[in-house]
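Engineer: This is the structure I have questions about; it appears just below.
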Amino acid sequence: MDLLNLSLKLNNFPIDKAKKHLRDLQSFNDLKFEEYVLQQKQSIVNYHLQNNSFYKLMNNRNSYKDWNSLPVLTKSDLQIPLEERLSDGFSLKNVYINKTSGSTGNPFYFAKDKFSHALTWAIIENRFNWYELYGNKQARFYGEPKEFIARSKERLKDFLSNRSKFNVFDLSDSAFEKWILKFSKTKYIYINGYTTVIHAFASYLNTKGIVLKDICNTLKVCVVTSEMCFEEDKKTMEKAFGVPIINEYGASELDIIAFQNKMNQWLLTTESLFIEVLDDNNQSLPDGETGKLVITSLYNKSHPFIRYEIGDVGSITRLGSRKVILNKLEGRKEDLVYLPSGKVTPGLTFYYITKSVMTDKGNVKEIKVIQKTIDTFEINYVAEVVLNESELVTIKNALNEYLEPNLNIFFIKSEQLERSKSGKLKQFTSLIKPKL
């Protein structure tokens, strides 16, 4: 038994039950699966209408007639204290709780009941085992909290999951040289992490004429997630690593949303999610047309994610009730941050800085950071009240910790933040052109 599954069991997450349920679903033929999903959609809606006062209130705005009459939940709808969004019978003590990264500028707390969270891990194991990766040594390119307790929990998960963390907040040449040395001494089976960071590492390897597979011959694949991976980026990484690049698309509050299979198809997770593509008027779009992705978690009873607008834009094709392909995804492409010292760090650094000021009270609704010059950053935010001096100091301290000291930081409270034509809020934008 692997350590992660043992840990889940010891914490009363029914991982064996979840794995069996997933196997049962995957054994259904198309007709049986379609009927099951229809029943499960109705079941989760009825459950929350009966047991969740927050969701009842949301539906009072639109009397429930059928699926299309249900409200589309946005992230701003969920920016109220978590206790006010939990279903009857659930408390902060008997659910899995986490924060979203705030990658689209709208961070919030969320909860999953124990079965729903166990099913998430069953799906992760299933997908990664398409490539025989689950539980094997992972080179992990993700961020890490600075706070002691949160960092300690994250490192425990790293240990249980057999993964080795790389510092994604430093993308300097000297950092890359340390990474290369680490790969030469460790038998990593796969790479997993943020697209921007992994692409930056790959670009450095290419300038040095190094193929990572040559110095780490156990390496099998690289799984990129969290941000857009364009075809050109993929070619850069394949050249640098000497292994296939696999695309993952997920959200911490939901599940893996899509995972690239061996036929190079981005397969949506239909076992636990129902995915729709809607236009600006929340009307369904035909297959192949691009619109906003709206997702329903079919099993989470502790917290409603029903017709939840995740903030990304894409298109899908249905090859059957169970096999649905994500054709295109637009969103989450981040810039790099260039600093006076010469340090380079990914724009996703601001996901973690966002968390430093975020509380469960929902004061800060959105944050957008603009790098004006090499040492000057403008932080635009939407909030109920102006950030107080203590909160401003917290953000500045986080910037010093994650980036470097002596930066010029300006805060601007706004009624709303500028978005792209697609409605996407990009959390970090750089206005400078680095010297290459």
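The values are calculated or read from the model by the stated rules, or taken from the named source; none is laboratory data. Since this is a predicted model, take the numbers as computed values, not measurements. Here Cβ is always computed from backbone atoms with ideal geometry, including for glycine, and neighbour counts include all displayed protein chains.
Engineer: Taking region 327-347 only, how many residues are modelled with pLDDT of 70 or more and under 16 Å from the mean Cα position of the chain (by Cα)?
Structural biologist: Keep residues of region 327-347 that are modelled with pLDDT of 70 or more, which gives 327-330, 336-347.
Then keep just the ones that are under 16 Å from the mean Cα position of the chain (by Cα); that gives 329-330, 346-347.
Qualifying residue count for the region: 4.
Engineer: Continuing with this model, one more query. Looking only at region 228-257, filter to residues that are over 13 Å from ALA202 (Cβ atoms) and β-branched (Val, Ile, Thr); which one of those is surrounded by the most Cβ atoms within 10 Å (Cβ to Cβ)?
Structural biologist: Selected residue: ILE246.
Engineer: I would also like to ask the following. Anything in region 3-55 that is touching a helix residue (DSSP H, G or I) at 6+ places or on another chain (Cβ under 8 Å) and of a type in the set (D, E, K, R)? List them, or say none.
Structural biologist: Correct list: LYS9, ASP16, LYS17, LYS19, LYS41.
Engineer: OK, next. Checking GLY105 against (1) at pLDDT 90 or above; (2) out of contact with any Pro (no Cβ under 8 Å at 6 or more places or on another chain); (3) buried (at least 17 other Cβ atoms within 10 Å of the Cβ); (4) among the small types (Gly, Ala, Ser), which test does it fail?
Structural biologist: The number of the failed condition is (1).
Engineer: Consider only pairs whose beta carbons are under 6 Å apart and that are at least six residues apart or on different chains; among these, list those whose first residue lies in region 275-300 and is outside the structural domain of TYR47 (by TED's automatic domain parsing) and part of a loop (DSSP other than H, G, I, E, B) and whose second residue is of a type in the set (A, V, I, L, M) and surrounded by 17 or more Cβ atoms within 10 Å (Cβ to Cβ).
Structural biologist: Once the first residue is outside the structural domain of TYR47 (by TED's automatic domain parsing) and part of a loop (DSSP other than H, G, I, E, B) and sits in region 275-300, no partner that is of a type in the set (A, V, I, L, M) and surrounded by 17 or more Cβ atoms within 10 Å (Cβ to Cβ) comes close enough.
Engineer: Could you tell me whether any residue of region 125-132 is acidic (Asp, Glu), touching a helix residue (DSSP H, G or I) at 6+ places or on another chain (Cβ under 6 Å) and crowded, with 16+ Cβ neighbours inside 10 Å?
Structural biologist: To start, the set of residues in region 125-132 that are acidic (Asp, Glu) comprises 125, 132.
Applying the additional criterion that residues be touching a helix residue (DSSP H, G or I) at 6+ places or on another chain (Cβ under 6 Å) yields none.
No; the residues of region 125-132 include none that is acidic (Asp, Glu), touching a helix residue (DSSP H, G or I) at 6+ places or on another chain (Cβ under 6 Å) and crowded, with 16+ Cβ neighbours inside 10 Å.
Engineer: Any idea which of (1) part of a helix (DSSP H, G or I); (2) in contact (Cβ under 8 Å) with a residue 24 or more places away in the chain; (3) polar (S, T, N, Q) is the one SER174 doesn't satisfy?
Structural biologist: Status for SER174: all satisfied but (2).
Engineer: Another question, if that's okay. Filter region 269-322 for residues that are farther than 22 Å from ALA122 by Cβ and among the hydrophobic types (A, V, I, L, M, F, W, C) and give the result.
Structural biologist: Passing the criteria: VAL277, LEU278, LEU285, LEU293, VAL294, VAL313, ILE316, LEU319.
Engineer: Please indicate, with yes or no, whether at least one residue in region 307-319 is over 22 Å from THR196 (Cα atoms) and part of a loop (DSSP other than H, G, I, E, B).
Structural biologist: Yes, region 307-319 has at least one match.
Engineer: Select from region 136-171 the residues that are over 18 Å from THR349 (Cα atoms), in contact with a helix residue (DSSP H, G or I) (Cβ under 7 Å, 6 or more places away or on another chain) and either part of a loop (DSSP other than H, G, I, E, B) or without any contact (Cβ under 8 Å) to a residue 24 or more places away in the chain (or both) and list them in ascending order.
Structural biologist: Passing the criteria: only SER161.
Engineer: Would you mind stating whether ALA240 is touching a residue at least 60 places away in the same chain (Cβ under 8 Å) and either in a helix (DSSP H, G or I) or out of contact with any Lys or Arg (no Cβ under 6 Å at 6 or more places or on another chain) (or both)?
Structural biologist: Numbers: touching a residue at least 60 places away in the same chain (Cβ under 8 Å): no; either in a helix (DSSP H, G or I) or out of contact with any Lys or Arg (no Cβ under 6 Å at 6 or more places or on another chain) (or both): yes.
No.
Engineer: For LEU22, indicate whether it is touching an Asp or Glu at 6+ places or on another chain (Cβ under 7 Å) and in contact (Cβ under 8 Å) with a residue 60 or more places away in the chain.
Structural biologist: Details: touching an Asp or Glu at 6+ places or on another chain (Cβ under 7 Å): yes; in contact (Cβ under 8 Å) with a residue 60 or more places away in the chain: yes.
Spelling it out, LEU22 is indeed touching an Asp or Glu at 6+ places or on another chain (Cβ under 7 Å) and in contact (Cβ under 8 Å) with a residue 60 or more places away in the chain.
Engineer: Could you say whether any residue in region 203-217 is in contact with a strand residue (DSSP E or B) (Cβ under 6 Å, 6 or more places away or on another chain) and of a type in the set (D, E, K, R)? Before the answer, list the steps.
Structural biologist: Residues of region 203-217 that are in contact with a strand residue (DSSP E or B) (Cβ under 6 Å, 6 or more places away or on another chain), as a first pass: none.
Scanning region 203-217 turns up no residue that is in contact with a strand residue (DSSP E or B) (Cβ under 6 Å, 6 or more places away or on another chain) and of a type in the set (D, E, K, R).
Engineer: Of the residues ASN11, ASN46, ASN51, ASN60, which single one is free of Cβ contacts under 8 Å to residues at least 60 places away in the same chain and more than 21 Å from VAL294 (Cα to Cα)? Give the derivation first.
Structural biologist: Details: ASN46 fails: more than 21 Å from VAL294 (Cα to Cα); ASN51 fails: free of Cβ contacts under 8 Å to residues at least 60 places away in the same chain; ASN60 fails: more than 21 Å from VAL294 (Cα to Cα).
Of the residues listed, the single one that is free of Cβ contacts under 8 Å to residues at least 60 places away in the same chain and more than 21 Å from VAL294 (Cα to Cα) is ASN11.
Engineer: Still on this structure, I have one more. Can you tell me which of THR196, THR207, THR225 is surrounded by fewer than 13 Cβ atoms within 10 Å (Cβ to Cβ) and of a type in the set (Val, Ile, Thr)?
Structural biologist: Details: THR196 fails: surrounded by fewer than 13 Cβ atoms within 10 Å (Cβ to Cβ); THR225 fails: surrounded by fewer than 13 Cβ atoms within 10 Å (Cβ to Cβ).
Just a single option satisfies the conditions, and that option is THR207.
Engineer: Suppose we keep only residues that are modelled with pLDDT of 80 or more and more than 21 Å from VAL211 (Cα to Cα) within region 139-169. Which one would you say is surrounded by the fewest Cβ atoms within 10 Å (Cβ to Cβ)?
Structural biologist: Per the criteria, the residue is ASN162.
Engineer: Another one. Would it be correct to say that LYS41 is at pLDDT 95 or above and either part of a helix (DSSP H, G or I) or within 19 Å of the chain's Cα centre (by Cα) (or both)?
Structural biologist: So LYS41 passes the test.
Engineer: Let me ask something else about it. I need a count of the residues in region 67-89 that are part of a loop (DSSP other than H, G, I, E, B) and in contact with an Asp or Glu (Cβ under 6 Å, 6 or more places away or on another chain). Step through it out loud before you land on a result.
Structural biologist: To start, the set of residues in region 67-89 that are part of a loop (DSSP other than H, G, I, E, B) comprises 70-72, 74-75, 79-81, 85-89.
If we keep only those that are in contact with an Asp or Glu (Cβ under 6 Å, 6 or more places away or on another chain) as well, we get 72, 74, 81.
The total comes to 3.
Engineer: Just checking, does region 90-109 include any residue being in the same structural domain as SER297 (by TED's automatic domain parsing) and part of a helix (DSSP H, G or I)?
Structural biologist: Restricting attention to region 90-109, the residues satisfying the condition of being in the same structural domain as SER297 (by TED's automatic domain parsing) are 90-109.
Applying the additional criterion that residues be part of a helix (DSSP H, G or I) yields none.
For region 90-109, residues in the same structural domain as SER297 (by TED's automatic domain parsing) and part of a helix (DSSP H, G or I): absent.
Engineer: So, LYS17, is that one at pLDDT 95 or above and either of a type in the set (Lys, Arg) or assigned by TED's automatic domain parsing to the domain that holds SER272 (or both) or not? Steps first, please.
Structural biologist: Numbers: at pLDDT 95 or above: yes; either of a type in the set (Lys, Arg) or assigned by TED's automatic domain parsing to the domain that holds SER272 (or both): yes.
In short, yes.
Engineer: Could you please find all residues in region 129-138 being of a type in the set (A, V, I, L, M, F, W, C) and modelled with pLDDT under 95? Can you show your working first?
Structural biologist: Going residue by residue through region 129-138, those that are of a type in the set (A, V, I, L, M, F, W, C) are 130, 133.
Residue satisfying the conditions is LEU133 alone.
Engineer: Does region 15-35 contain at least one residue that is buried (at least 16 other Cβ atoms within 10 Å of the Cβ) and over 30 Å from ARG163 (Cβ atoms)? Don't jump to the end; show me each part of the working.
Structural biologist: Initial filter on region 15-35 (buried (at least 16 other Cβ atoms within 10 Å of the Cβ)): 15, 18-19, 21-22, 25, 28, 33.
So of that shortlist, the ones also over 30 Å from ARG163 (Cβ atoms) come out as 28, 33.
For region 15-35, residues buried (at least 16 other Cβ atoms within 10 Å of the Cβ) and over 30 Å from ARG163 (Cβ atoms): present.
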